[in-house]
1. Being crowded, with 16+ Cβ neighbours inside 10 Å, in a helix (DSSP H, G or I) and of a type in the set (K, R), is that true of even one residue in segment 10-32?
2. Sort through I168, I178 and tell me the only one that's at pLDDT 85 or above and touching a Leu at 6+ places or on another chain (Cβ under 6 Å).
3. Inspect segment 142-155 for any residue being surrounded by 12 or more Cβ atoms within 10 Å (Cβ to Cβ) and closer than 26 Å to R20 by Cα and give the result as yes or no.
4. Would you confirm whether any residue within segment 297-306 is surrounded by fewer than 19 Cβ atoms within 10 Å (Cβ to Cβ), touching a Ser or Thr at 6+ places or on another chain (Cβ under 7 Å) and either in the same structural domain as L192 (by TED's automatic domain parsing) or among the charged types (D, E, K, R) (or both)?
5. Within the bounds of segment 288-296, is there any residue that is in contact with a strand residue (DSSP E or B) (Cβ under 7 Å, 6 or more places away or on another chain) and farther than 29 Å from G196 by Cα?
6. Check K294, K256 and return the single one that is of a type outside the set (A, V, I, L, M, F, W, C), surrounded by fewer than 17 Cβ atoms within 10 Å (Cβ to Cβ), in the same structural domain as K419 (by TED's automatic domain parsing) and touching a residue at least 12 places away in the same chain (Cβ under 8 Å).
7. Among the residues of segment 277-294, is any under 16 Å from the mean Cα position of the chain (by Cα) and among the β-branched types (V, I, T)?
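The values are calculated or read from the model by the stated rules, or taken from the named source; none is laboratory data. Bear in mind the structure is a predicted one, so any value in this text is a computation, not a measurement. Every residue, glycine among them, receives a Cβ derived from its backbone with ideal geometry; neighbour counts consider all protein chains shown.
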Amino acid sequence: MEKVEFLILRSLLYNEEFLRKTLPFLKKEYFEDFNQRVVFEEIASFTEQYNEPITKEALSIEIQKRSDFNDSVYKEISHLISCLDDVTVEQNWLVDTTEKWCRDRAIYLALMDSIQIADGQDEKRNRDAIPSILSDALAVSFDNNVGHDYLQDYEARYESYHKKEDRIPFDLEYFNKITKGGLPNKTLNIALAGTGVGKSLFMCHMAASVLLQGSNVLYITLEMAEEKIAERIDANLLNVNIQELSDLPKVMFENKVTKLAEKTQGTLIIKEYPTASAHSGHFKSLINELALKKSFRPDIIFIDYLNICASSRYRGNLSVNSYSYIKAIAEELRGLAVEANVPIVSATQTTRSGYGSSDVELTDTSESFGLPATADLMFALISTEELESLGQIMVKQLKNRYNDPTINKRFIVGIDRAKMRLYDCEQSAQDDILDSGREEEYTYEEQKPKKSFEGFKFS
């Protein structure tokens, strides 16, 4: 039976369609045989330089120019080239077979690399790199989509205009208004706030509300311990002051959690990583591991918080500036959102000038102005002494790809820090701060969630 490697080389030489489709995904290290690797190198080099397929004759001439092997090897390579005859093979089968071969070779090489790293034989990489190496290998695939033909694909485009987009709704009225019903998949959503204002509280509250909707939630924390995040969510869902949780008798606590479990079909997983130690590659590996071990796939991911993540792009590079570093993290997290087909919610710090300000702007984003450029939704959480005395917090839209950000640019939500909850305020609270007279009718009633705790009766 003809080896796949030989078939690939023959097809690269004589099948231009196959060449154009597969060459970007092929790597010389995939070819285990030295002679085959040399032939592939020359085919790839010629195509890159001249943007044309190489002929058999030109390939032989290019091989003659090589000086990195002896006469014996030259004869073997020449014989290999002479055997590369034209052959007709079903195109789709050929592409699929090549894709599988690439993935198998990538996985094999990734395993070999991982073993070397684990044995301490790689001076440049440590064991933290292994999950990313394996994840990248498993993700090897050919992208056969050549794009949207504007004039030819109008029917599909028209259907997309009338297709209801899957969203994760909020349990807060004005957040649903500004997002047209909630957060779509494949998006990155950022809360901007100063220390202690409510970044983690917002994410914990939203995680709790999404769980009550029956969705699967993955909460990744790089700042607080898993138990501390769970404690905040306990206060929220069990309707108990966070300071009083430890005073609950075990039987009462168990009863409340049991009743909560009966109310939802969702699952909440909280995973802790050391600060600045984990990046999108680790999160991707975690998602895969949860799918294998727990049959769990998240509907939404919370990352607490963006600035203390690591970057897979700049691993161990201390010379990169903060703008590039934070922007890279944001881009990697948005890429993860697209790959996992979920919304990702995270947060970032304000600058010193933005801390305590009653009118935060995009320029108050700590460390990187490149972050807002990547996010789909970005909003500031603003607390003042007056708002705090009223048990309220202001939300200001900074960027919004879902809706017109001038509509409800600012709005108020209630905050109960003892129970780690947010709640809708009376309209009179909104009337005092709305800076736009424009109103928008909420048209997503079917997606509008019920009040978070409606129907909950804990003994």
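1. Taking every residue of segment 10-32 in turn, at least one turns out to be crowded, with 16+ Cβ neighbours inside 10 Å, in a helix (DSSP H, G or I) and of a type in the set (K, R).
2. Just a single option satisfies the conditions, and that option is I168.
3. Within segment 142-155 (the criterion being surrounded by 12 or more Cβ atoms within 10 Å (Cβ to Cβ) and closer than 26 Å to R20 by Cα), the answer is yes, since at least one residue qualifies.
4. No: zero hits.
5. Yes, segment 288-296 has at least one match.
6. K294
7. The answer is yes, given that some residue of segment 277-294 is under 16 Å from the mean Cα position of the chain (by Cα) and among the β-branched types (V, I, T).
Matching residues to (1) in contact (Cβ under 8 Å) with a residue 40 or more places away in the chain; (2) outside the structural domain of T22 (by TED's automatic domain parsing); (3) in contact with a strand residue (DSSP E or B) (Cβ under 8 Å, 6 or more places away or on another chain):
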site: D113; (1), (2), (3): no, no, no
site: D119; (1), (2), (3): no, no, no
site: P131; (1), (2), (3): yes, no, no
site: L134; (1), (2), (3): yes, no, no
site: Y150; (1), (2), (3): no, yes, no
site: Y158; (1), (2), (3): no, yes, no
